[in-house]
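Asks: Mind having a look at this structure? Questions to follow.
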Amino acid sequence: MEYRYSERMAKMNGAATREILKLLTRPEIISFAGGFPATQCLPQKEVQEIAHELLSEGKATAVLQYGTTEGFVPFREELIKYVKTAGIENVSLDETLVISGGQQGIDLMSKIFLDKGDVVLVENPTYLTALQIFDSYQAKIVGVDADENGLKLDDLEEKIKKHHPKFIYVVSTFSNPTGKTYSIENRKQIAEITAKYGVMVLEDDPYSKLRFEGEWVPSIKSFDKAGNVVYLTSFSKVLSPGLRTGVAVGNKEVIRKLTIGKQGVDVTTSNLSQLIVAEYLKRGYLFPNIEKSLPIYRERKNAMIAAIQKYMPEEFSFINAQGGLFIWGGFDAPIDTTKLAPEAIKYDVAYIQGQVFYPNADVTNMIRLNFSNATVEKIDLGMSHLGEMFKKEIAKAKKA
Ligand SMILES: Cc1ncc(COP(=O)(O)O)c(C=O)c1O
């Protein structure tokens, strides 16, 4: 049988990290590759308590029936309170849409805004799966340069003028992969420049609550005066990725279009998940759980930094993130981290090569390391193996 796939599948091979991720099922492998929250941070007891109550109180209509695509109203009311913690005030119900995780928000934004050949601007580098989603809508992805303060605003403005993008996608706090956070001034300027040129902003914020150091910053959405920013947040990293819940907040006309887009995808986010998370928020469980999780992540991040300093070659430098789940670093040496990713598996350790996070660039010297899902002991052991491999490879490259 010759399967006549759509044109949009041509660029979607998903191969970049698949071989690595397949190997992760081997128990001896220490994985710094994924973006999983620590298992002990998943609040099993509280979720069990709520689910049990929901299913034993004759709430079959709420739990087992269809619900509206916009989402369960008491949940959306809780979400309006929740996004205030990102500085987003005065949100009305019709400016919210419950989504099945942040990823669905990225997909729906692409569905409602992108035609083949339309341009999306992204920070260079950015979240791999967002790139794959934009590719699936046959968009042209253009990278915007960034520094320690956030996007380089002259590059942003120049690329807006040149490419007339439909929207710009940013992970403004504890970015995946870099762990970087945009400064407040940078956020204000992004809101202003994009409003001036009538460009939408898709602000993706799964990580801002996972701050272990430094000062809180408001979202870009909080500076949105023109109604051009859609803000996404998700409960995957702070509660449970398995519950698949999040929210999109934006201008009500855009939210309406996103809702129409969602109808054809999953009708509604699972009622059970929505009710569980709504109750979880209402009972005030979320922030104590985050408070409990932060020392675990802080300890693991510090263990990874210490292990980098102990084991990695001197040619390696990295960004010490103030939160989130990742350390991003690179080698000032002629080595190819894409080619070496399968080699690392032979040393029983996995990382993600930096190349996959760039829309077009052939960057070969960067790596992303996740620290949230391995114990301190495993982090030390895994980094010692990785350091050994990279030192050998750099010595080889220098001889060649
Ligand atoms: C930047 C970013 N956005 C979105 C997601 C997707 O998360 P979810 O769909 O589980 O909310 C992730 C997950 O790793 C992410 O890193």
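Asks: For region 235-260, name all the residues that are open to solvent by less than 10 Å² (accessible area, probe 1.4 Å) and under 18 Å from GLU70 (Cβ atoms).
Replies: PHE235, THR245, GLY246, VAL247, ALA248, VAL249, GLY250, ILE255, LEU258, THR259
Asks: For a quick check of your reading: which strands (runs of 3 or more DSSP E) sit entirely within region 310-386 and have at least 1 residues that are among the polar types (S, T, N, Q) and over 23 Å from LEU24 (Cβ atoms)? Walk me through it before giving the result.
Replies: Working: elements: 316-319, 326-331, 366-370.
Qualifying strands (runs of 3 or more DSSP E): 316-319.
Asks: Then there's this: Taking the residues in region 196-237 that are in a loop (DSSP other than H, G, I, E, B) and acidic (Asp, Glu) as candidates, determine which candidate is farthest from the ligand (Cβ to nearest atom).
Replies: Step one: filter region 196-237 for residues in a loop (DSSP other than H, G, I, E, B), giving 198-199, 206-210, 212-220, 224-228, 235-237.
With the extra rule that they be acidic (Asp, Glu), the set shrinks to 213, 215, 224.
On the way: GLU213: 20, GLU215: 21, ASP224: 19 Å.
Filtering region 196-237 for residues that are in a loop (DSSP other than H, G, I, E, B) and acidic (Asp, Glu), the one farthest from the ligand (Cβ to nearest atom) comes out as GLU215.
Asks: Kindly check whether there is at least one residue in region 25-34 that is of a type in the set (S, T, N, Q), open to solvent by less than 80 Å² (accessible area, probe 1.4 Å) and touching a strand residue (DSSP E or B) at 6+ places or on another chain (Cβ under 8 Å). Before you say what the answer is, go through the steps one by one.
Replies: Kept after step one, since they are of a type in the set (S, T, N, Q), are these residues of region 25-34: 25, 31.
Within this subset, residues satisfying the condition of being open to solvent by less than 80 Å² (accessible area, probe 1.4 Å) are 31.
Still in the list and also touching a strand residue (DSSP E or B) at 6+ places or on another chain (Cβ under 8 Å): 31.
Within region 25-34 (the criterion being of a type in the set (S, T, N, Q), open to solvent by less than 80 Å² (accessible area, probe 1.4 Å) and touching a strand residue (DSSP E or B) at 6+ places or on another chain (Cβ under 8 Å)), the answer is yes, since at least one residue qualifies.
Asks: Another one. Would you pick out the residues in region 91-117 that are out of contact with any helix residue (DSSP H, G or I) (no Cβ under 9 Å at 6 or more places or on another chain) and more than 16 Å from the ligand (Cβ to nearest atom)? Outline the logic, then answer.
Replies: Quick first cut of region 91-117, residues out of contact with any helix residue (DSSP H, G or I) (no Cβ under 9 Å at 6 or more places or on another chain) only: 102, 115, 117.
Result: ASP115, GLY117.
Asks: Exactly one of (1) of a type in the set (S, T, N, Q); (2) open to solvent by less than 10 Å² (accessible area, probe 1.4 Å); (3) under 30 Å from GLN44 (Cβ atoms) is unmet by ASN302. Its number?
Replies: (2)
Asks: Which of the helices (runs of 4 or more DSSP H) contained wholly in region 51-147 include at least 1 residues that are without any contact (Cβ under 8 Å) to a residue 12 or more places away in the chain? Break it down into steps so the answer makes sense when it comes.
Replies: Details: elements: 60-64, 73-83, 102-113, 128-136.
Qualifying helices (runs of 4 or more DSSP H): 60-64.
Asks: When region 313-347 is examined, which residues are found to be among the small types (Gly, Ala, Ser) and within 21 Å of GLY179 (Cα to Cα)? Reasoning before the result, please.
Replies: Taking region 313-347 and keeping what is among the small types (Gly, Ala, Ser), we get 317, 321, 323-324, 329-330, 333, 341, 344.
Correct list: SER317, ALA321, GLY323, GLY324, GLY329, GLY330, ALA341.
Asks: On to the next question. Go through TYR347, TYR351 for me and flag whichever is more than 24 Å from the chain's Cα centre (by Cα), crowded, with 17+ Cβ neighbours inside 10 Å and over 20 Å from VAL122 (Cβ atoms). Don't jump to the end; show me each part of the working.
Replies: Details: TYR351 fails: more than 24 Å from the chain's Cα centre (by Cα).
Matching residue, one of TYR347, TYR351: TYR347.
The values are calculated or read from the model by the stated rules, or taken from the named source; none is laboratory data. All of these numbers come straight from a predicted model, not from anything done at the bench. Virtual Cβ from ideal backbone geometry, glycine too; neighbours counted across all protein chains shown. SASA here: full protein model, heavy atoms, side chains in, ligands and nucleic acids out. Shrake-Rupley method; radii C 1.70, N 1.55, O 1.52, S 1.80 Å.
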